[in-house]
Every structure is written in structure tokens, then in C-alpha cells.
Amino acid sequence: MNQTVLVVNSGSSSIKYQLVDPTDGSAIATGLVERIGEGSSLLRHVFGEKEFEEDNPIRDHAMGLERVLELFSTVGPNLHESNIVAVGHRVVQGGSFFDRATVVDRDVMRTIEALVPLAPLHNPANLTGIKVARRLLPNVPHVVVFDTAFFQSLPAASATYALDREVARKYAIRRYGAHGTSHQYVSKTVADHLGRMDLKQIVLHLGNGASASAVDAGRAVDTSMGLTPLEGLVMGTRTGDIDPAAVFHLARNAHMSIDDIDNLLNKRSGMKGLTGQNDLRIVHSMAEAGDRNSRVGLAVYAHRIKKYIGSYAAVLGGLDVVTFTAGVGENDAKMREMATEGLEFLGIKLDHSRNRASGRGIREISRDSSKVKVLVVPTNEEWEIARQTVAAI
């Protein structure tokens, strides 16, 4: 039997997991624990044709992972018989300390904890998942794969904010990026698909969270998310780029607290703030029915993407490929059209028939005459985590 890796993504109130074959990326078993710590929790485990679901209270991550391991024994596959070689954990923030996947030890755990101020919503939950999994699965190595690691290669011109350098140094303020595992997987997949390692690429990871990256010959040279995942593209509930003075304005004139503004920019803005909905499928339907706010919201969303495509083409000094990935990027043909419309001067020519055709796997949606290829590539962060986990051990 091939080696397998258990990939764990522990959120603040959830645990997502997959048992992955790192050689081909196949998901042998998948599952999700939601609403941990609430009155009613949902657990779903899928193995082949077998699907198990229950709705019972799960008080904490320890109880959740214990139940998950029970399901591997009862529903399958048995982990002891699956040649599991490691557990790979997704961690959002690795700061300036980690540029690759790393085997967990005490020092690594302490560093992840020290980085909590940079990712207060994510790193504590990631850390909890690691602690619990190490206790429950003590006989295999545990590896952390950081969302920020791919962007440790950013040049100083991209990573550095024009902030008082002593303040920036003391409080570790710089561009860290996020979604790095997805950007790394997609950019490498594109290079392999086209048989060229010297590509100048723009990767657009468009989902409820959205980010863009500029990748030159496999090396990230810019990315839209910054100190936190708030910066950059318009997202489901996040503003993306906004004048930071808006914070001062709201504090002074609306008498909003820092926590109020944090909640506003991260949870009540983006497409939800513009249209009342953060699901672009619903927003498109509303726009087609004549809703003006939805039309404006979609235009703002597409306009921001265009700005990043243009600026990253300048940063790269040329452009070979633009790739769409993640939920919106892979499935929303209309948004792909809106985001690339008018970019013919950059050599981007979309083939509307190819773009609207359904399909799975890697798809080329540009015209044959397009100097810049436009691709749709399904992301697979779990496979990338599994591959990096095996490499680390």
C-alpha cells in the first residue's frame, strides 16, 4: 500500500481532515467537524461509498479528534492499516521564521504560540489541533505547513511597508501573505502542465477569502494579502484594500471601538457589505434581476482583480499565464469574463466558449491567438500539504 498522510486543518470551531495519498493526491477519506463547543455539532466522515453523519454536541477539539479517530476505526479506513507516515497540519501564520514545512517539536510549538498576535483568530486553533493530534497519534511525526511560507521569498520592495522601521521591526509588521499553500500548488501545477519552469505567472485564488500572487520562475515576488488576510482583493465579507484613515474616521466620527471596526472590515464588508450576500451565485442572480447594488458590487469585485493583474504584470516585467482557482475562480465563468475584459492590450484574450464550457481538471480558456494563456486550475491544498509533509520527514 502507498504511504498516506492525515492532513488536519483545525479552525476556531471546526476540524477539516483528509487522508491523502501524497503520490497522486487522491483523498482516501475526508471529513469535517463543525460547530465545536456549540449546543449541536455536525460531524461528517466519507470513505469510498461509505458516508457517516451525526449531529451531537462536541465540547472541544480533543473530543472532536477523538471521535474522528473512532470513525477511522469503525467506518474506515483503519489508520494502522493505511500506512500512515505522518500528520500534516495547516497553520496560517509562520511569521518570518518558517519558509518551508517543519517537523513539530517544542521550539516550533513555542514559536507558533508567539505568533498568535499576528493571527489571533487562526493560530490558537491551529495550535490546539496540533497538541490534540500529537497526543492521540504519538507514534508518527507531525509536520506544520504554513500559509505564509511560500511568500517568505518576497523581495524587500514587496514585503516592506513604508512605516517607521523601528516600529515595524518591534511589532513584526510586514507583508506575510496568505493562501500560500494554494498559490504554491497552483503555480507549480501550471509550470508542470506547460512544461516551463521560467513562467511569469499571476495566480488568482478567488473564494470567500481571495488573494492574488505574482510568481516568477516558481518564486513568489508579490501577493495581495499583507500583515493579515484583510488586505488586497474584495472578499466575501472583507473589504480588501481600503484607506487606513477610514479607521481613524470611524473612531472619531462614528465613535466605533477598535473591535467594532475590526468586525466591520472583516465580517460585515466585502460583497456582503455591498450587496447583502457573500455568495457570488446569489449576487449574480440579484444583478440579473435588476438589483443595482449587486451590479455595483460585482463591478467593484472585478475592477479590483483587474488592478492587480495590471500591477503584477508590471512587477513581473511581462506575463505568460493568468490562472483562476478556488471556489469562485474555478466555477464563476461570468466573473472570469468581467475580470479579464479590456485586458487585450496585455495580450489576454479570453475564449468565451471555452470559458463557459463545463469541465474538470486543468482547462485553458484563452484563445489560441492569446499571447498570455488563461487557465482554470482546481486547487488542492491538502495534496500540497501532504507532499510537503512527506518532504519534511
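The values are calculated or read from the model by the stated rules, or taken from the named source; none is laboratory data. Only a predicted model underlies this, so the values are computations on that prediction, with no experimental measurement involved. Because the Cβ atoms are built from the backbone with ideal geometry, glycine has one as well, and the counts that use them run over all protein chains shown. Ligands, DNA and RNA are excluded from the accessible area calculation, which covers all protein heavy atoms including side chains. Shrake-Rupley method; radii C 1.70, N 1.55, O 1.52, S 1.80 Å.
Quick rundown of the values:
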| quantity | calculated |
| --- | --- |
| All positions within the range 264-280 that are part of a helix (DSSP H, G or I) and at pLDDT 95 or above | L264, L265, G270, M271, K272, G273, L274, T275, L280 |
| Those helices (runs of 4 or more DSSP H) lying entirely in the range 46-161 with at least 3 residues open to solvent by less than 10 Å² (accessible area, probe 1.4 Å) | 61-74, 123-136 |
| Count - residues of the range 353-376 that are open to solvent by less than 60 Å² (accessible area, probe 1.4 Å) and in contact with a Ser or Thr (Cβ under 8 Å, 6 or more places away or on another chain) | 4 |
| Qualifying residue in the range 240-257 (condition: crowded, with 19+ Cβ neighbours inside 10 Å and at pLDDT 95 or above) | yes |
| Residue tally, condition within 14 Å of T148 (Cα to Cα) and part of a strand (DSSP E or B), over the range 169-216 | 3 |
| A386 vs. criteria crowded, with 17+ Cβ neighbours inside 10 Å, more than 19 Å from the chain's Cα centre (by Cα) and not assigned by the TED database to the domain that holds F324 | no |
| Residue check for E337: more than 19 Å from S182 (Cβ to Cβ), open to solvent by 40 Å² or more (accessible area, probe 1.4 Å) and without any contact (Cβ under 8 Å) to a residue 24 or more places away in the chain | no |
| Test for G361: is it without any contact (Cβ under 8 Å) to a residue 40 or more places away in the chain and under 21 Å from the mean Cα position of the chain (by Cα) | yes |
| In the range 162-178, residue least open to solvent (accessible area, probe 1.4 Å) [restricted to those that are of a type outside the set (F, W, Y) and in contact (Cβ under 8 Å) with a residue 60 or more places away in the chain] | A178 |
